[in-house]
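In what follows, a structure is listed as structure tokens, so that the remarks can point back to it.
Each reported figure results from applying straightforward, stated rules to the coordinates on display, with no laboratory input. All of these numbers come straight from a predicted model, not from anything done at the bench. Here the Cβ is made from the backbone with ideal geometry for all residues, glycine too, and neighbour counts use every protein chain on show.
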Amino acid sequence: MYNKRELVKDIYYVGVNDRQKKLFENYIPIPNGVAYNSYLILDEKVTLIDTVDVSMVGLFMGKLEAVLQGRKIDYLVVNHMEPDHAGSIGLLKQLYPDLCIIGNAKTFGMLNGYYPQLAGCRQLVVKEGESVSLGKRKLTFYMAPMVHWPEVMVAYEDTDKILFSADAFGTFGTLDGDYLDENINTDKYWDDMRRYYACIVGKFGTATQAAIKKLSALEIRLICSTHGPVLKQNIAKVVGLFDKWSRYEAEEKGLVIAYASMYGNTQQLAEAAAEGAVAAGLKNVVVYDVSKTDASYILADIFRYNGVILAAPTYMNEIYPLMDSLMHKIEQRGILNRSLGLMGSCTWAGGALKKLTAFADAVKWELVSNPVDNKQGVSADDYQKAFDLGMAMGQKLLQ
Ligand code: FEO
């Protein structure tokens, strides 16, 4: 019942689409779903690269059997232990009890914790640059720690120049009808890829830079990541995007205005700032209500654009909680070199602006103009100050 999906001779795509899950890692919305990619190499040693989320294990096993046609799996390469890829190892091992798991020392530290029943199972521990022969082909392993967990490694197949890259160069979004980029319109993936990067790998810019530098020595014709299309035509584009994002370099000039507002007053400050920025000639201006738009979308645009204005009311003498949460997520990711504008509001005693200013100090972004400090309703003077902040920001970002 399953079509065999041969990527190159004797290497098959055996991944699955997850169209049911609403929240990746149970907190990041994935309206376009996600694919858990897995690859099967038929050689003297039949070798599987990564597994899939355990919720899809039945479908996965069916796809494996369609290719295996009764053969057994000899090696399982575990490039990444996060359960969206390692979740089916326990069941796979029950079906193929003789299979040997290939990982690095850190892989097995985690494997033993997740699967104590597999302690002492057949395993092959590989180190940086070490190769394992599969017969005609061989795989060479390179460590890519913190892209996205400490045990992450990638595997390189040098006959067809394929990089099995774990989470690196992946994206949210299911694979609709085909898994290879040259057979599909990939435009639908770019926004999801930025959001995937911002949410999953965004904190680990230095690690991603190290991995890109290391892998640049390899000739790569195909990138097989754990999520999203197999890359053939888009290798340079995607590696370029991951390179830019991991250097925290904005893709283009633009402004993200993220605001919190209970009764619409702080929203008016955000509207005024947006008008000011556009009046300055800036075309890329996006305004988000943090209570309505999930932080993953806001973070993605902060990776995309070079300017940010945050506006929030005081709440319990501090700051509106969803803005607090957004600031924390930005700070966690260590995003560098953005221009920042701040607007705080209150009804009796301030608190929001103090928190916003502390955030500015923590992230060390360049503050543009004085913060706008609003009390109660938005006066004409407040509106003008917010407009002026937006205009100053627009001018700054266009420099
Ligand atoms: Fe797709 Fe970090 O797992």
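The table for this structure:
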read-out: Amide H within-cut-off set for S38, under 5 Å, with H built and near neighbours excluded; value: V14, G15, V16
read-out: In nm, spacing of pseudo-spin labels at D98 and N17 (7 Å Cα→C-beta vector); value: 3.7 nm
read-out: Whole-Hz ³J(HN,Hα) from phi, Karplus 6.51 cos²θ - 1.76 cosθ + 1.60, for the stretch 302-311, glycine and proline x; value: 5, 5, 6, 10, 9, x, 9, 10, 10, 9
read-out: Taking the chain and dividing mean pair separation by its residue count, relative contact order in percent (alpha carbons under 8 Å, at least six apart); value: 12 percent
read-out: Solvent-free Debye scattering, log10 I(q)/I(0), computed from the Cα coordinates of the chain at q = 0.12, 0.13 Å⁻¹; value: -0.90, -1.00
read-out: Relative contact order [Cα under 8 Å, 6+ residues apart], the stretch 204-284, whole percent; value: 27 percent
read-out: Charge context of Q267, other residues only, Cβ under 12 angstrom, K/R +1, D/E -1; value: -1
read-out: Of the trypsin sites (Lys or Arg not before Pro) in the stretch 291-332, those whose Cβ has at most 13 other Cβ within 10 Å and which sit in DSSP loop; value: K292
read-out: Sum of -39500 (n - 2.57) over DSSP H runs of 4+, divided by residues of the chain (222 nm, nearest 500); value: -10000 deg cm²/dmol
read-out: Under-5 Å amide H pairs with V46, H placed in peptide plane, nonlocal only; value: D74, Y75
read-out: Charge dipole of the chain about the Cα centre (unit charges at C-beta), most positive-ward option of Y156, A270, M146; value: Y156
read-out: Derived scalar couplings ³J(HN,Hα) [the stretch 55-69; Karplus, 6.51 cos²θ - 1.76 cosθ + 1.60; whole Hz; x for Gly, Pro]; value: 5, 10, 5, x, 4, 4, 4, x, 5, 4, 4, 4, 8, 5, 6
read-out: In degrees, nearest ten, helix 321-333 long axis to first principal axis of the chain (Cα); value: 50 degrees
read-out: Neighbour-limited loop hits for GluC sites (Glu not before Pro), the stretch 55-158 (at most 12 other Cβ within 10 Å; DSSP other than H, G, I, E, B); value: E128
read-out: Estimated FRET transfer efficiency (D388, M316; beta-carbon r; R0 30 Å; 0.05); value: 0.50
read-out: Virtual paramagnetic centre 7 Å along Cα→Cβ of D373, amide N under 14 Å, in the stretch 316-343; value: 342-343
read-out: For the stretch 171-186, 3J(HN,Hα) per residue [Karplus equation, 6.51 cos²θ - 1.76 cosθ + 1.60, θ = phi - 60°, Hz, x = Gly/Pro]; value: 7, 5, x, 6, 9, 9, x, 7, 9, 9, 4, 6, 9, 9, 7, 7
read-out: Trypsin sites (Lys or Arg not before Pro) within the stretch 67-110, DSSP loop, no more than 13 other Cβ atoms inside 10 Å; value: R71, K72
read-out: Above-threshold pairs, the threshold being 23 Å between Cα atoms, out of K22/K292; K188/K237; K106/K244; K22/K364; K127/K214; K244/K292; value: K106/K244; K22/K364; K244/K292
read-out: Charge dipole of the chain about the Cα centre (unit charges at C-beta), most positive-ward option of N234, F387, P313; value: N234
read-out: Helix 205-215 vs. the chain, principal-axis angle (Cα, 0 to 90°, nearest 10); value: 40 degrees
read-out: Residue among G58, G109, Y197 farthest towards the positive dipole end of the stretch 6-246, charges placed on Cβ; value: G109
read-out: Residue range of the chain that is longest and free of chymotrypsin sites (Phe, Trp or Tyr not before Pro) which are both DSSP loop and sparsely packed (at most 15 other C-beta within 10 Å); value: 28-262
read-out: Total formal charge among the other residues, if their Cβ is under 10 angstrom from that of E44, Lys/Arg +1 and Asp/Glu -1; value: +1
read-out: GNM flexibility winner over the chain from H328, H148, H227 (Cα, springs under 10 Å); value: H328
read-out: Placed amide H near I102: partners under 5 Å, 5+ positions off or other chain; value: L76, V77, V78, L124
read-out: Segment K188-Y27, length gained on full extension (0.36 nm per residue, minus Cα span); value: 55.8 nm
